[in-house]
Amino acid sequence: MRLVLTASLLLLSLATTACTDSKRASREATWSDKPADIVCWTDGTQTYAGRSTGKVEYDEGGRISFVDAAHGRYTTIEGDCRVVYAK
């Protein structure tokens, strides 16, 4: 019984320490509606720089979709993008 309790406590401590800052931030960005700064490039040329009003969605084709804060329109972009969520 003591061995089972010790093993359970060890697993619990590993599970709680395995949650890094980046994992917490990733979960928060995935499940919240925070705005983000977005910069995109195609073939080394910057094609977009702006901010979303809220959540940025990703699709399986490599596109991102969001509402652009500058003009309030739904925007979809395909390319290499850096998305930085606000705190």
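Express the carbon and sulfur contribution to the solvent-accessible surface of the stretch 27-82 as a percent, rounded to the nearest whole number, probe 1.4 angstrom.
Ligands and nucleic acids excluded, carbon and sulfur reach 49 percent.
Taking Rh as the Kirkwood radius, which is the inverse of the mean 1/r over Cα pairs, what is the Rg/Rh value for the stretch 33-86?
Working: Rg = 10.2 Å, Rh = 11.0 Å.
For the stretch 33-86, the value is 0.93.
What trypsin sites (Lys or Arg not before Pro) does the stretch 30-79 have in DSSP loop regions with at most 10 other beta carbons within 10 Å?
Of the trypsin sites (Lys or Arg not before Pro), the ones in loops of the stretch 30-79 whose Cβ has at most 10 other Cβ atoms within 10 Å are 73.
How much net charge surrounds residue 27 when only the other residues with a Cβ under 13 Å from the Cβ of residue 27 are counted, with Lys and Arg +1 and Asp and Glu -1?
Taking every Cβ under 13 Å from that of residue 27, the sum is +1.
What does the net charge come to around residue 82 if you take all other residues with beta carbon closer than 14 Å to its beta carbon, with K and R at +1 and D and E at -1?
-1
Under the rule of at least 5 residues apart or a separate chain, name every residue whose amide H is placed under 5 Å from the amide H of residue 80.
Hits under the 5 Å cutoff: 41.
Where a Cα-Cα gap under 12 Å defines reach, which aspartates and glutamates qualify for residue 87, not counting those fewer than 8 residues away within the same chain?
28, 33, 37
The values are calculated or read from the model by the stated rules, or taken from the named source; none is laboratory data. This is a predicted model, so every value here is computed, not measured. Here the Cβ is made from the backbone with ideal geometry for all residues, glycine too, and neighbour counts use every protein chain on show. What goes into the accessible areas is simple: the full protein's heavy atoms, side chains included, and nothing from ligands, DNA or RNA. Shrake-Rupley method; radii C 1.70, N 1.55, O 1.52, S 1.80 Å.
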